[in-house]
């Protein structure tokens, strides 16, 4: 049995999570998992729909559409498992999902690379197919509120120009999706590993809170919790709670009682007192 203590911190790759999040990461991890599941599900559905529509118009890309749909479906299955694992808060299942999410990111990045490769290798075929489908279409142009609405029938040259512009816009969109998918994917993986570490070491959430100096030198109590009473602890309050003593006040006090001394008789020490002025007890003795 492995009795080694939990590591003091996450691996260097995920150190930034400790600086950003100072609370339970389960809601954040669940949100990321649901977003990834929904995103891969929508792309999988769209890829299979494209395969169904390209069977008659563009059969060359049907196999690639099915491949893309299968890749996105695989990533969606991994995210589905991850969402259920986080709902159950099972450490072992969350650990499996954390490593599986790395594979899901690789699958999604591979799918985006396939889309970019197809976009450039099939450029001529895509533009030709777009030109055939749009030649003879009627384009309605609406100007301002007072301008009339015009309609134009696309010739083959007009359709080709429009398809070239559409291909250029598609190039930018494919690269943008590739970058966004990679960044979000690695961020979600970091959240998954950080949450897995919290399940392995539940005290890691508490240890991130900064403690006051009195708590750091206290008796190890949890922050924001009352500490046990220690009668030998040093007093932390000011002994003069209501201000400093008056330095000019008379320092009169009774001497301590001596049990060995016999009691006196007579005036008890008041028979030899000198007469003083009533207005000023400390003043000079009046003349008799």
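Throughout, read-outs are computed from the coordinates displayed, never taken from laboratory work. As the structure is a prediction and not an experimental result, all values here were calculated from the model. Cβ atoms come from the backbone with ideal geometry, glycine included; neighbour counts cover every protein chain shown.
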Over the stretch 21-207, what is the relative contact order in percent, taking alpha-carbon pairs closer than 8 angstrom and at least six residues apart?
26
Prolate/oblate/rounded call for the stretch 21-110, Cα gyration tensor, a/c under 1.5 rounded
prolate
Let a ≥ b ≥ c be the square roots of the eigenvalues of the Cα gyration tensor of the stretch 59-116; is it rounded (a/c under 1.5), or, if not, prolate (a/b larger than b/c) or oblate?
prolate
What does the extension gain come out to for residue 96 and residue 165, with contour length at 0.36 nm per residue minus their alpha carbon separation?
20.3 nm
Please state, as a whole number in µm²/s, the translational diffusion coefficient that the Stokes-Einstein equation yields for the stretch 21-207 at 20 °C and 1.002 mPa s, with Rh defined as the Kirkwood radius across alpha carbon pairs.
111
Each label point is 7 Å from the Cα along the Cα-to-Cβ direction; what then is the distance between the points at residue 48 and residue 106, in nm?
2.5
